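Worksheet for the structure shown next.
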Amino acid sequence: MVVEAKAIRRKKLFRDGTVISVSVLAAVILYQSNFLIEFLNSFSGIYFVMGAFLAGILFASTFTVAVASSVFLLLTKTHNAFAIALIGGLGALAGDTLIFKFLRDDLIADFEYLEKHFPNKLAKRIIHSKLIFWFLPIIAALVIASPFPDEVGLLLLASIKLKYHHFSILSFTFNTIGILILSIVGKAI
């Protein structure tokens, strides 16, 4: 029974890694092609709000963060970075809420599997120290603000049993900051 669970978990991790790799490849191809530019140009005027919101939802997931980043970079060429960040932050909050509410148990199982099979004992002691417990919300907020997978930050927040209203404030604030930084860098390029 345990062997089957390990095999299933390993298959799931391999599948997820493959999906992430394909997502990054798709983002690179989309960013360099005219298709995405033409598609985003159709979001001129008020329709860019819908594009930024949908990109925000995609920004929340490991599997689609690369595509969302490409969309934000292209939107910043024609729209205000602050507006994109605010609207994208709302979309990311919606995406994070779905992840937080529906995938929390699965994320915790993935984390426990990786932790159990992590070879370094020192890393395990650091992860379980009281110092880390106090810094988990800060670490989670930084992960959420970065283009790194929000699931890791959400897992950290779920591990300390953060209340939803605190989670939503952190998610919106730090996703907005992350999207704003990405947008400003995109404008500078």
Problem set entry | Potential extension, VAL22-ALA94 segment - 0.36 nm per residue separation minus Cα distance | 23.6 nm
Problem set entry | Stretch gain in nm, segment ILE29-TYR164, where the contour uses 0.36 nm per residue and the Cα spacing is subtracted | 44.9 nm
Seminar exercise, completed: Net charge near ALA92 (other residues with Cβ under 14 Å of its Cβ; Lys, Arg +1; Asp, Glu -1) is -3
For this session: May I ask you to compute the full-extension gain from LYS187 to ILE8, defined as 0.36 nm times their residue separation minus their alpha-carbon distance, rounded to one decimal in nm?
Result: 60.1 nm
Problem set entry | R0 of 41 Å, Cβ-Cβ distance ALA83-LYS116: FRET efficiency to nearest 0.05 | 0.40
Problem set entry | Phi-based couplings in Hz for the stretch 72-89 (Karplus 6.51, -1.76, 1.60; Gly and Pro marked x) | 4, 4, 6, 5, 5, 5, 10, 9, 5, 4, 5, 5, 4, 5, 5, 5, x, x
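Only the coordinates and a few stated rules stand behind these numbers; no lab work does. Keep in mind it's a predicted model, so treat the numbers as computed, not measured. Glycine gets a Cβ as well: all are built from the backbone with ideal geometry, and neighbour counts include every protein chain shown.
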